[in-house]
Amino acid sequence: MGKLIENEEVSKVARIILVLQMLMCIVVGMMIEYMGGAMSKLSSLGSSIGFESSHQKKSNMSVQMLHAFDQPSVSKRNIIEEIVPDSLKPQCDLEFLQFNVTKSMLKKSRPVIGNSQRLHIFLKKLHSKQCTSVLFMGGSVTAGHNSRGRLNASFPKFFMDWLNERYPCENADRTRGSHLTKRTQQNNAQTHFVSWSQISQIETLDLVIMEFNVNDSFIDKMPHAMEDKGPEGSTKDYISVWYNEILLRRLLLLRKPDPVAIITFNADYIGRTWAPKPYSDPDKDRKTTFRNNQEPLKFWLSSMYEIPMISASTWMLPFAGKKGTNWQFNRNNSYSTSLFHADKCCHPKRGGHLILSLVLAYCLLEEEKNMFSSSNDVILDIEQDFSAAVDPILRDPMYLSEDEERMYVRHDSVSQLLDFTDPSGHEKWKNQVCENDGWNWFADNREKDKFGLIANNVTGGQHISLEVTGGKLGLVELSYVISYENFGVALSWVDDSRDGGTHRPKCKNEIWEREGLIRLGGVEYLFGSWDEKASVPMVTILKNRVEEGGKGYLHICLTPHSTHRQGNENKFKLLGVRLY
């Protein structure tokens, strides 16, 4: 009996082995058939994109490869159907996108993963239907300049529309709420540093998107350094990372009321620095490190501070120029810089802003997938975001001295700030005006949102006097606009007289110098004009000092129009005064 049972068990095992062998044969057969078909398809595909056999001509291969480059392999709608909610599709004008947008392109948009802990906090708020606030820190690209719609045709508007549709939120009474857009009146890292109060005064804040890739390349002075930075300190690249490091460290320490999620966003690049003559000077441009492109600097800082970085230019710029400079500005090239930009600088058209919003949306959705798929992953202590802790720990600064860290990050000791860019700030500084002859506070742009204290008169002589109180270092800082046409020169000085004393008559003297830092007889020249075809803020620290706690009068006056300056107007726009 035992022998029979044993034989039956052996028979069962043999049958199982036979079945397994048969299944293996079937699988192997299927694999061979699949590989044969795949190799056949690969051979066919290789022929279409230029992978030729050895006996075919190399020149023919090159032609076919270039031809394949031009073929739109994916419909514009494929990836967009996955990202854009149905309710937004009618207003997205998808048919007007400049080029096909594929998932493989969008995958290139996250060059720095960084630490996602803060982003996950933001995403969890979205999933709990909590209404959030998103701050966009940027310049004219963020503002939608030349997009034929400005803010209403900008990537922040498109992104926030998407955010509200994808993640509807509820008010405290369970009614439909909105995710809110926050903006400042500043446009580069330096002016955001100067007017930090526009950020710190925001009551609640959940996500900050920093877009300074273009505007930081126009900052050419660093008056706030508290030590000699050596030869590198005078370069635009060093100036950019110095101000950006301060902003990143301030944001990492900010609580509104939770740790704020931060994204550095490289939305665009300066197009004309890549253009052939006569639009640019290739001989000069190729001798710069990054061709005025700030992206590598943002990449470096984001990596060291583990800040998630999203970039559209990291793949759009290579696509535009991969067939050569002339092709980069040929309108027959779908990825051309000329088609993407509305002008010779850097401003995307409306369709370009749609692409930028898609880049942001895609990366947020991918991070959401990662958050859910990695919920059980083991996270080591070193991978934690120490800056988000109750007692935050920041890495040592890379560019700031101990005094600069203490002054600008840990204990920003601004004793007085007159911010003329704040649309609701008039009540805060109006009592500091002691005398005013010809200066007006208003927004001088088409959208009526860029405020400043402005004088505009070809005869000159317009004077304003501001009562000021000295800070710890006794420094007086002015910020104002410089532009390539219609802007003039102002004089500035500090004394103990309300009316300007003996320097007042100098306001009627025409200034022939075109630029530079000129101090003459206690009066300092503020040049509002330059040759670069851009309007940007300038920041300077006066030689005049006001002792800590001391009182003084800051005077600014407009000088007469000079015929060798561009334009028929004679304007000067003051943005702010800081004492610290």
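The values are calculated or read from the model by the stated rules, or taken from the named source; none is laboratory data. Every value quoted in this text rests on a predicted model; they were computed, and no experiment measured them. Ideal geometry is used to build each Cβ from the backbone, glycine not excepted, and the neighbour counts take in all protein chains shown. Surface areas here come from the heavy atoms of the whole protein model, side chains and all, with no ligands, DNA or RNA. Shrake-Rupley method; radii C 1.70, N 1.55, O 1.52, S 1.80 Å.
Only one of GLY521, GLY528, GLY549 is open to solvent by 30 Å² or more (accessible area, probe 1.4 Å), within 14 Å of LEU491 (Cα to Cα) and not β-branched (Val, Ile, Thr); which?
Values: GLY528 fails: open to solvent by 30 Å² or more (accessible area, probe 1.4 Å); GLY549 fails: within 14 Å of LEU491 (Cα to Cα).
Just one listed residue meets the conditions, GLY521.
Checking each residue in region 83-102 for being of a type in the set (D, E, K, R) and either modelled with pLDDT under 85 or closer than 15 Å to GLY352 by Cα (or both) picks out LYS89, ASP93, GLU95. For region 323-348, filtering for residues that are over 17 Å from PRO282 (Cβ atoms) and either open to solvent by 50 Å² or more (accessible area, probe 1.4 Å) or part of a loop (DSSP other than H, G, I, E, B) (or both) leaves 11.
Looking at region 372-382, which of its residues are of a type in the set (Asp, Glu) and either more than 24 Å from LEU248 (Cα to Cα) or open to solvent by less than 90 Å² (accessible area, probe 1.4 Å) (or both)? Full working, then the answer.
The first filter runs over region 372-382 and keeps only residues of a type in the set (Asp, Glu), leaving 377, 381.
Correct list: ASP377 only.
Of the helices (runs of 4 or more DSSP H) lying entirely inside region 93-180, those containing at least 2 residues that are open to solvent by 40 Å² or more (accessible area, probe 1.4 Å) and in contact with a Leu (Cβ under 8 Å, 6 or more places away or on another chain) are 155-166. Just checking, does region 475-489 include any residue being more than 27 Å from PHE218 (Cβ to Cβ), among the acidic types (Asp, Glu), open to solvent by 70 Å² or more (accessible area, probe 1.4 Å) and modelled with pLDDT under 95? No, that holds for no residue. Can you go through LEU126, LEU151 and tell me which one is modelled with pLDDT of 95 or more and not β-branched (Val, Ile, Thr)? The conditions single out LEU126.
Evaluated against (1) surrounded by fewer than 24 Cβ atoms within 10 Å (Cβ to Cβ); (2) within 16 Å of the chain's Cα centre (by Cα); (3) within 25 Å of LEU478 (Cα to Cα), GLN201 falls short on exactly one condition, (2). Considering the conditions (1) out of contact with any helix residue (DSSP H, G or I) (no Cβ under 9 Å at 6 or more places or on another chain); (2) at pLDDT below 90; (3) of a type in the set (Phe, Trp, Tyr), TYR580 is excluded by exactly one of them, (1). Of all residues in region 413-443, those being among the hydrophobic types (A, V, I, L, M, F, W, C), open to solvent by 40 Å² or more (accessible area, probe 1.4 Å) and over 16 Å from GLY576 (Cβ atoms) number 0. When region 412-454 is filtered for residues that are more than 30 Å from LEU400 (Cβ to Cβ) and aromatic (Phe, Trp, Tyr), the ones remaining, listed by number, are TRP439, TRP441, PHE442, PHE451.
The residues listed here are ARG395, ARG410, ARG406; of these, the one that is modelled with pLDDT under 95, open to solvent by 70 Å² or more (accessible area, probe 1.4 Å) and either within 22 Å of ILE262 (Cβ to Cβ) or of a type in the set (Val, Ile, Thr) (or both) is ARG410. The C-beta contact set for region 458-471 (first residue closer than 22 Å to GLY567 by Cβ and polar (S, T, N, Q), second residue open to solvent by less than 20 Å² (accessible area, probe 1.4 Å) and in a strand (DSSP E or B), distance under 8 angstrom, 6+ apart or interchain) comprises GLN462/ALA455; GLN462/CYS557; GLN462/LEU558.
Somewhere in region 528-541, is a residue modelled with pLDDT of 95 or more and in contact with an Asp or Glu (Cβ under 7 Å, 6 or more places away or on another chain)?
Here is the first cut: in region 528-541, the residues modelled with pLDDT of 95 or more are none.
Within region 528-541, not a single residue is modelled with pLDDT of 95 or more and in contact with an Asp or Glu (Cβ under 7 Å, 6 or more places away or on another chain).
Every residue, every condition in (1) part of a strand (DSSP E or B); (2) under 24 Å from the mean Cα position of the chain (by Cα); (3) among the hydroxyl-bearing types (Ser, Thr, Tyr); (4) within 21 Å of ASP449 (Cα to Cα), yes or no:
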residue: ALA534; (1), (2), (3), (4): no, yes, no, yes
residue: PRO537; (1), (2), (3), (4): yes, yes, no, yes
residue: THR540; (1), (2), (3), (4): yes, yes, yes, no
residue: ARG545; (1), (2), (3), (4): no, no, no, no
residue: HIS555; (1), (2), (3), (4): yes, no, no, no
residue: SER562; (1), (2), (3), (4): no, no, yes, no
residue: ASN568; (1), (2), (3), (4): no, no, no, no
residue: LYS573; (1), (2), (3), (4): yes, no, no, yes
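Looking only at region 493-507, count how many residues are surrounded by fewer than 18 Cβ atoms within 10 Å (Cβ to Cβ) and either part of a strand (DSSP E or B) or acidic (Asp, Glu) (or both). Final tally of qualifying residues: 3.
Working only within region 351-401, note down all residues that are charged (D, E, K, R), assigned to a loop (DSSP other than H, G, I, E, B) and over 30 Å from THR142 (Cα atoms).
Selection gives ASP377, ASP391, ASP396.
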